[in-house]
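Here's the structure, in structure tokens; my notes come after.
The values are calculated or read from the model by the stated rules, or taken from the named source; none is laboratory data. What you see is a predicted model; the values in this text were computed from it and never measured. With ideal geometry, Cβ positions are generated from the backbone for all residues, glycine too; neighbour counts draw on all protein chains shown. These area figures cover heavy atoms from the full protein model, side chains too; ligands, DNA and RNA do not enter into them. Shrake-Rupley method; radii C 1.70, N 1.55, O 1.52, S 1.80 Å.
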Amino acid sequence: MNRVYANETCYVVGEAKSPGNNPITKKYDSFFIGFVIDSKTNLIVDVECTAMMGITVKFVQSLFVGRSILDCDGAAEEVHARYFGSSQKALIVAFKQAYYKYKEALNK
């Protein structure tokens, strides 16, 4: 089996409700975003989310890959400034949930 991610990475998922009129809600019921994080540097090395279009996933990746998972406020500001999809709020909430899960794991 080929290993895609290094041993020092971990995986964290955040979840949020999308607006009722959003196709993501109709297909998945919730908005999910998964982060692969380098636990030595806290940098996000990969991300994927529930989305209806591939370009959305690529754009979300451009927002988060290379950013520290611990930069919660900066990430929220960038999403507000650059992502104008109907899932904007859900994206921020799901990121924050993943941030809190990661911080909790660090404290264990």
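Of all the numbered requirements in (1) open to solvent by less than 40 Å² (accessible area, probe 1.4 Å); (2) at pLDDT 95 or above, Tyr100 misses one, and that requirement is (1).
One line per residue, one yes/no per condition, for (1) closer than 24 Å to Tyr5 by Cβ; (2) open to solvent by less than 80 Å² (accessible area, probe 1.4 Å); (3) hydroxyl-bearing (Ser, Thr, Tyr):
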position	(1), (2), (3)
Ser39	yes, yes, yes
Val45	yes, yes, no
Val60	yes, yes, no
Ser68	yes, yes, yes
Ala76	no, yes, no
Ala94	yes, yes, no
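Of note, Phe59 satisfies the criterion of being in a helix (DSSP H, G or I), among the hydrophobic types (A, V, I, L, M, F, W, C) and over 11 Å from the mean Cα position of the chain (by Cα).
The lone criterion from (1) surrounded by 16 or more Cβ atoms within 10 Å (Cβ to Cβ); (2) part of a helix (DSSP H, G or I); (3) more than 12 Å from the chain's Cα centre (by Cα) left unmet by Gly85 is number (2). The residues in region 1-37 that are open to solvent by less than 20 Å² (accessible area, probe 1.4 Å) and at pLDDT 75 or above can be counted, and the count is 10. For Lys40, the conditions (1) modelled with pLDDT under 95; (2) of a type in the set (D, E, K, R); (3) over 16 Å from Gly14 (Cα atoms) all hold with the exception of (1).
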